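Below: one structure, written as structure tokens.
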Amino acid sequence: MTALIKKPQVLNKVQQEIRTLVGKKGRVAEDDINKLPYLKAVVKETLRLHPPGPLSLPRLTIKTSIIDGHEIEPNTIVYVNVWAIGRDPNFWENPNEFLPERFLNSSMDFKGQDFEFLPFGSGRRVCPGMALGTAELNVVLANLLYSFNWELPPGMVEDDVDMDSLPGLVTHKKNPLCLMAKSYV
Ligand code: HEM
């Protein structure tokens, strides 16, 4: 919601997609989600720029490994910086821009096979809650976007909204997002 309120054209586009599909039905159902490619792209782009687990979970090396010319000894705790990989200009055009379009007509997914995009980690410790987590994210976000028009409080402009986050095993927003909701349905 923070990223969307800072980009009104993206917010409008995703709301239009949802409202065109759902019409006056009153609620977005789980079955609708697969017919909403732009919504899914918005969720992916959010997970790319703001992965809730920015360093994934730690790994322990079992043998000597060479990574980018650096020798890593056995029994070393290693973190994979998923946050930095998701913003690496070698893999992403305009990496710091919120551009869901980059995921349209792209097979890039978060299932752990595309190593430039790992919000759920990868390998045998990949997140087992991936399907539940994304189902929840998509359905809740879709219903918030379908049911309400969202505006900044009077006197605020997009640039006043910050994207600051607090560190931790799971990242969360530093300052709560304050928006005005006007019922659409
Ligand atoms: C958008 C939501 C979620 C995100 C972004 C997320 C992300 C992650 C990440 C990055 C890892 C570490 C994977 C690795 O190191 O390779 C992880 C592990 C894990 N996640 Fe999630 N997760 C989400 C939702 C959930 C949900 C809904 C559940 C349970 C219902 C869940 C349960 C777990 C468990 C149990 C692990 C540890 C797996 C292991 O170490 O074998 N997650 N998650």
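Which order do peptides 15-25, 135-145 fall in by mean Cβ count within 10 Å, highest first? Present the calculation step by step, with values, prior to reporting the outcome.
On the way: 15-25: 14.8, 135-145: 17.7.
Most protected by this proxy first, the peptides run 135-145, 15-25.
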In Hz, Karplus ³J(HN,Hα) per residue of segment 3-16 (6.51, -1.76, 1.60; θ = phi - 60°; x = Gly, Pro): 4, 5, 5, 7, 10, x, 5, 6, 4, 4, 5, 6, 5, 5
Contact order normalised by length for the chain, with contacts defined as Cα pairs under 8 Å and 6 or more residues apart; what percent is it? 26 percent
Sparse-neighbourhood loop sites, chymotrypsin sites (Phe, Trp or Tyr not before Pro) in segment 19-126 - DSSP loop, at most 12 other Cβ within 10 angstrom: Y79, F115
With contacts defined as alpha carbon pairs under 8 Å and 6 or more residues apart, what's the relative contact order of segment 102-185 in percent? 22 percent
Using only Cα atoms, find the angle between the long axis of helix 130-147 and the longest principal axis of the chain, and express it within 0 to 90 degrees, rounded to the nearest 10. 20 degrees
State, in angstrom, two size descriptors of the chain derived from its alpha carbons: Rg to one decimal place and Dmax to the nearest whole number. 18.5, 60
Any chance you could check the Cα centroid distance between segment 138-174 and segment 9-49 for me, in angstrom? 16 Å
With θ taken as phi - 60° and the coefficients 6.51, -1.76 and 1.60, list the Karplus ³J(HN,Hα) couplings across segment 111-126 in order, rounded to whole Hz; mark glycine and proline as x. 7, x, 9, 9, 6, 8, 8, 10, x, 10, x, 7, x, 6, 9, 4
Using the Cα centre of the chain as the reference point, and only Cβ charges (+1 on K/R, -1 on D/E), how large is the resulting charge dipole? Debye, rounded to the nearest 20. 660 debye
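Which entries of K24/K173; K25/K182; K6/K40; K24/K111; K24/K174; K25/K173 show an alpha-carbon separation above 29 angstrom in the structure shown?
Details: K24/K173 33 Å; K25/K182 18 Å; K6/K40 18 Å; K24/K111 34 Å; K24/K174 36 Å; K25/K173 33 Å.
Violating the 29 Å limit, Cα to Cα: K24/K173; K24/K111; K24/K174; K25/K173.
Rounded to a whole number, what % of the accessible area of the chain do carbon and sulfur atoms account for, probe 1.4 Å? Please report the intermediate quantities before stating the final value.
Working: 6480 of 11570 Å².
That fraction is 56 percent.
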Would you kindly derive the ³J(HN,Hα) couplings of segment 42-51 from the backbone phi angles with the Karplus curve 6.51 cos²θ - 1.76 cosθ + 1.60 (θ = phi - 60°), listing them in order in whole Hz, with x for Gly and Pro? 5, 5, 4, 5, 5, 5, 5, 7, 10, x
On average, how much accessible surface per residue is there in segment 1-145, in Å², for a 1.4 Å probe, leaving out ligands, DNA and RNA? 60 Å²
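The values are calculated or read from the model by the stated rules, or taken from the named source; none is laboratory data. Owing to the predicted nature of the structure, the values given are computational and were not obtained by experimental measurement. No Cβ is skipped: glycine too gets one built from the backbone with ideal geometry, and neighbour counts run over all protein chains shown. Please note that ligands, DNA and RNA were not included when accessible areas were found on the heavy atoms of the full protein model with its side chains. Shrake-Rupley method; radii C 1.70, N 1.55, O 1.52, S 1.80 Å.
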